[in-house]
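For reference, the structure discussed in these notes is given below.
Derivation of every value follows stated rules applied to the coordinates shown; laboratory data play no part. From a predicted model like this one, the values you see are computed outputs, not experimental measurements. Every residue, glycine as well, gets a Cβ built from its backbone with ideal geometry; the counts of neighbours run over all protein chains shown.
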Amino acid sequence: MPILWIVHRDPRRRAAIARLAAAPEDTVLGAPGDPLFDAAPTPEVVLLGPAGDFEAELQFAHRAAPRAGRAAWILLPERGHLEEVARLFDTLDADVLAFPPDPDVLRSRILAAPERAHPLPLSQRPAREALSGRFGRWFADLELPQLMRALDPGLADVPVLIRGERGTGRGLLAHYLHAFGGTSDGVLIHVACTPRASAEEIREALRAGARTERAHSACAVWLEDADSLAAPVQRQLLRWIELAAPEGALPSYRVRWIATAADEPGGPLDPDLQQALSGIAIRIPPLRDRTPLVATFANETTRAWCAARGERPRRFGEDAIAVLEEYPWPGNLREFEAVVVQTLRAGSADPVRAADLEYDGRAFAPLNALEVGALIAEAEEGGAPAAGHPPPAPPLLDAEAMAAELAPELLDPEAMEAALLEEPPGAERFEPTPAAEPSVGDAALKRLLAAIDHELRNPLSTIRTFAELLPERYQDAEFRGRFSELVLQAVQRITGVVERLSQLASLSEPSREAVDVAGLLEQLLDERRELIHRRRLLVLKELDASQPYARGDAEQLRLAFEALLHKCLDLVPERGDVYLASKHHPSGLRGEPSVRVLVRFHGPAAEGAGPRVPGLSPADHAVEFAVAETIVRSQGGVFAIDASEGNETVIVLDLPAPG
């Protein structure tokens with residue numbers, strides 16, 4: 001027999017209902033306001049007899065329904081009050097039987113109530129299992145203590161705020177909380193929030209969602225992208241959460257508010273609304289911080305995909321996993337899942353190799369042997385990059401790791417040496433002028449001064465132009481905003497130039513020590529890994545670690561290479577490529593041994609641009625390159641730069657090396 005509560009004002013009626021129901025000894029009997037129900041075990045069936053003006057019974061149902069959870073309710077009013085009781089107790093999914101009920105009917109309803117409340121219909125089981133399986137794949141690597149609290153049925157009315165980047169699974173988590181967190185008997189109302197959504201539109205969305213099913217004792221409201229709402233709408237939403245939902249919108253007694261927002265605490269979400277929603281706060285980290293999940297997710301998603309179609313199990317090979325682990329995944333798990341599914345749909349390879357990866361109908365593998373070979377070959381000829389340049393690669397790919405993908409001739413030691421030893425385009429500019437003493441020559445000094453002049457003149461011109469217009473357009477709020485924005489950018493640019501020059505001016509006489517150039521470049525690239533990932537740059541490096549040492553000042557050379565890489569990465573457009581190589585040269589510096597460093601990249605293309613005019617490339621007047629040249633020459637080295645047609649820039653420098 002289920003656990004029963006029998007509630008009626010009249011003790012004699014309570015006893016009569018107990019006899020009719022054949023209630024067991026542990027049944028709890030009391031009046032609507034009786035405090036004994038506060039400490040009583042959670043019921044499976046509540047027998048409530050409305051009487052008088054029904055106010056006490058309505059108050060009891062309002063207090064007890066959230067605690068009773070999935071309990072079945074049976075209302076036993078007088079025969080003449082059936083319609084009125086059904087109207088007033090509209091949010092209870094209850095059976096209404098006139099008093100006195102037929103004992104057999106009453107007992108059958110009581111016995112059937114737990115079976116009706118708990119088992120899940122066959123029609124809903126596949127969706128629930130699919131949700132559970134998807135949740136397991138997406139969050140297998142995470143420990144989320146707050147999620148465990150959110151799944152506690154006793155906390156099913158506590159608001160939940162889920163933060164994370166798009167594609168991390170915020171919506172999946174909202175669905176999972178509804179299905180397994182105590183509100184699954186009711187409906188999940190999805191409200192897609194946008195900057196233009198009004199409070200009335202949200203109110204209507206709540207009403208429409210509540211009308212999709214019968215009234216229940218609980219429901220969940222998922223506010224997707226709540227932080228995108230306008231400030232006044234957020235304030236109205238705050239009042240609904242703190243006080244009461246809009247009239248007629250949410251008939252359930254227990255309402256759980258679930259909000260998803262960007263991973264930006266202190267961002268556009270109203271601070272008071274954030275506090276109201278943060279009864280339980282959950283943050284989902286981006287996929288780039290969850291690298292160990294990549295292999296598991298790929299193979300588990302593959303297993304589920306194959307099982308759903310009755311196919312033999314397949315898996316992803318190590319080379320494919322390596323590519324997937326290196327990619328920054330701006331779209332997070334949703335983008336990752338799309339790559340896995342589209343790759344499986346496109347072919348039947350087992351194991352799936354890097355070359356098999358596909359996304360949006362194109363090869364996802366970052367490097368194609370023929371295209372890369374053509375790219376490097378054309379770059380050495382001074383031409384433009386090959387048309388149809390492949391999608392961005394995982395940054396910082398070593399030559400050894402790419403051996404299976406790159407053209408064999410590119411990795412041949414003799415071809416590598418030839419690429420570093422031959423003179424690049426514009427060879428006449430790369431011929432060093434012999435000097436008895438290492439010094440910054442007049443030409444280098446002029447280039448430094450010209451770079452400073454250019455870097456300062458442009459932002460100062462911007463400030464002057466806007467300052468002249470400010471008096472006559474001061475009343476224009478848009479102009480004032482634009483003025484503030486551009487002046488701040490100009491000041492930041494000037495500050496950057498001053499900081500570079502300050503670093504240069506603070507240098508003392510360089511020391512002569514062994515400097516691991518290859519190791520230094522590796523370290524500097526690793527420090528910029530996040531930037532490279534974010535901009536989806538392809539950095540192809542071939543750094544010779546067999547004879548990496550040059551003679552010079554380690555601190556000053558670090559500053560030079562920092563300035564050099566900073567400007568190179570800044571000039572390369574998003575999804576662009578940079579080629580970086582180093583090689584010991586037995587006679588590269590005035591007939592003496594050197595470590596030669598070569599950097600090649602393509603800057604932003606100017607649409608419809610004709611032949612290059614010397615001196616107009618951004619690389620020609622970059623103060624960072626001038627600073628790097630000044631330092632390299634002070635170490636006894638040579639530095640040359642050529643910005644050719646096709647928007648290609650080639651930088652070559654030689655540093656003294658031990659014999």
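Can you find, among Phe139, Ala23, Ile110, the residue farthest towards the positive end of the dipole of region 1-153? Put +1 on the C-beta of Lys and Arg, -1 on that of Asp and Glu.
Value: Phe139.
Listed highest first by mean packing, meaning other Cβ atoms within 10 Å per residue, what order do 125-138, 193-206 come in? Please report the intermediate quantities before stating the final value.
On the way: 125-138: 14.4, 193-206: 16.0.
Ranked from most to least packed, the peptides come out as 193-206, 125-138.
Roughly how many Å is it from the Cα centre of region 295-356 to that of region 27-103, as a whole number?
Taking the Cα centre of region 27-103 as reference, the centre of region 295-356 is 54 Å away.
What does the charge dipole of region 525-584 about its Cα centre add up to, to the nearest 20 debye, if the Cβ of each Lys and Arg holds +1 and the Cβ of each Asp and Glu holds -1? Don't skip to the end; give the middle numbers.
Values: 11 positive and 11 negative charges, 39 e Å.
Once rounded to the nearest 20, the dipole reads 180 debye.
Order 76-85, 34-43, 327-336 from most to least packed using the mean count of other Cβ atoms within 10 Å.
Numbers: 76-85: 15.7, 34-43: 13.2, 327-336: 19.9.
Peptide ranking by packing, descending: 327-336, 76-85, 34-43.
Can you give me the long-range amide H partners of Val352? Hydrogens built in the peptide plane at 1.01 Å from N, cutoff under 5 Å, separation of 5 or more residues or another chain.
Arg315, Phe316, Gly317
So for region 1-149, considering every pair of alpha-carbon atoms, how many percent are separated by more than 26 Å? The partial results should precede the final answer.
Values: 3773 of 11026 pairs.
When all Cα pairs of region 1-149 are counted, 34 percent exceed 26 Å.
Mean separation of Cα pairs under 8 Å and 6+ residues apart, divided by the residue count of region 1-96: what relative contact order is that in percent?
Working: 131 pairs, mean separation 26.0, N = 96.
Once divided by the residue count of region 1-96, the mean separation gives 27 percent.
Of the options Pro246, Tyr327, Ala261, report the single residue whose Cα projects farthest towards the positive end of the charge dipole of region 221-356 (beta-carbon charges: Lys, Arg +1; Asp, Glu -1).
Among Pro246, Tyr327, Ala261, the one farthest towards the positive end of the dipole of region 221-356 is Pro246.
What list of ³J(HN,Hα) values in whole Hz, one per residue of region 233-246 in order, does the Karplus curve 6.51 cos²θ - 1.76 cosθ + 1.60 (θ = phi - 60°) give from phi, with Gly and Pro shown as x?
Here the 3J(HN,Hα) series is 5, 4, 5, 5, 4, 4, 5, 5, 6, 7, 9, 6, 5, x Hz.
Taking the Cα centre of region 137-195 as origin, sum charge times position over the Cβ atoms of Lys and Arg (+1) and Asp and Glu (-1), and report the length of that vector in debye to the nearest 20.
220
Can you give me the long-range amide H partners of Val539? Hydrogens built in the peptide plane at 1.01 Å from N, cutoff under 5 Å, separation of 5 or more residues or another chain.
Placed amide hydrogens put Leu396, Leu397, Val578 under 5 Å from Val539.
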